[in-house]
1. For the stretch 254-279 and the stretch 215-240, what is the centre-to-centre distance using only Cα atoms, to the nearest Å?
2. Mind jotting down the three principal axis lengths of the stretch 95-145 based on Cα atoms? Whole angstrom, largest first.
3. With unit charges on the beta carbon (Lys/Arg positive, Asp/Glu negative), name the residue among L37, L18, S54 whose Cα is farthest towards the positive pole of the charge dipole of the chain.
4. Once Lys and Arg get +1 and Asp and Glu get -1 on their Cβ, which of F275, P179, S196 lies farthest toward the positive end of the dipole of the chain?
5. If you average the C-alpha positions of the stretch 171-205 and of the stretch 92-112 separately, how far apart do those two centres end up, in angstrom?
6. Once the Cβ-Cβ distance between R132 and T89 is put in as r, and R0 is 25 Å, what FRET efficiency do you end up with, to the nearest 0.05?
7. Given +1 on the Cβ of Lys and Arg, -1 on the Cβ of Asp and Glu, and no further charges, what dipole in debye does the chain carry about its Cα centre, rounded to the nearest 20?
8. When Cα extents along the principal axes in Å is calculated directly from the model, which label among (1) 81, 43, 38; (2) 55, 48, 39; (3) 69, 40, 37 fits?
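Read the figures in this text as sums done on the coordinates, not as results from a lab. The model shown is predicted, which means the values in this text are computed figures rather than measured ones. All Cβ positions, glycine included, derive from the backbone under ideal geometry; neighbour counts span all protein chains shown.
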Amino acid sequence: MQMTLPARRRSPARSLLLDRSLEELPLFRLGDSGEDLSITYVTESGARWRVLASPGDRLPGTFDQDVYIELMRRFQEAGEPADGILTFTLHAFLRSMGRRVDGRTYEQLRGALNRLHRTTLESNGSYFDAARGAAAEMTFTILSSVMVERRRLVDRHQLALFPTVVAAEPGEARVTISPPVRQNVVARHAISVSLSRYLSLPSPVARRLYRLIEVARAQDKLTWRVGLDRLRDQIPLSQRYPSHLQRVLQPAHDMLKEAGVVRNAVIRQQQRQWFVDYVLAARSG
């Protein structure tokens with residue numbers, strides 16, 4: 001979706017810190033299958049990670065991924081509050097994301113905030129918790145609380161005085177970033193991404209790959225080789241066959257090269273195994 005004019009004008013150039021443990025693990029479903037109610041991922045060390053949709057809802061998706069990024073931007077700009085509480089109007093939040101502001105996107109945003117609150121993340125030794133200093137057995141969510149209040153009627157009467165505010169503005173949100181996520185960022189068990197570069201990538205798959213590549217960079221890697229099946233599960237994607245995965249990944253690789261995230265990205269087969277080889281570009285600012 002194309003960014004609105006206010007979002008382009010903002011053009012943030014600063015870096016954004018994200019929970020490194022969370023970025024290593026799959027969370028946002030980027031494939032076409034909307035019926036999946038869970039994600040199961042086994043790390044290279046054999047630890048297990050599960051993402052469980054709330055009853056009656058679906059797994060977090062591409063829009064939710066961008067909502068998460070905007071929440072973490074606000075957490076950082078608020079000075080990383082110790083209680084993790086953020087307040088904002090849905091109108092301002094959508095404008096910051098560069099999204100059209102209307103009734104449909106209000107509903108999308110409310111749905112995304114609720115999914116980030118209700119989707120259960122289950123770690124069996126897969127998620128490193130900085131507070132414990134070790135990979136933990138734990139269950140948590142991205143947001144530990146969400147409350148959206150509609151504007152009081154008296155406030156709505158004042159909306160005509162402010163032509164930049166949409167009359168259907170549904171009010172303010174008050175959310176809390178969960179302790180594990182904010183503690184990892186505060187402890188700097190984190191990756192750093194350029195927000196302007198992230199927003200410049202038009203593909204949700206490219207945006208997810210960018211964050212995974214920054215996990216490799218945080219491990220002081222100049223090159224990163226990953227099995228195609230593992231990468232599929234780590235993103236995650238619903239496609240199974242190598243040819244189908246290549247059709248999804250190649251446009252994202254082209255975007256990452258154009259954006260200066262990687263110098264090269266090659267999918268190759270060795271005997272019966274498929275791999276993706278990334279050559280990381282030098283960090284620029």
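1. One Cα centre to the other: 10 Å.
2. Result, largest extent first: 43, 19, 17 Å.
3. Selected residue: L18.
4. The listed residue farthest towards the positive side: S196.
5. 17
6. Efficiency, rounded to the nearest 0.05: 0.10.
7. Working: 42 positive and 30 negative charges, 137 e Å.
That gives the chain a dipole magnitude of about 660 debye.
8. (3)
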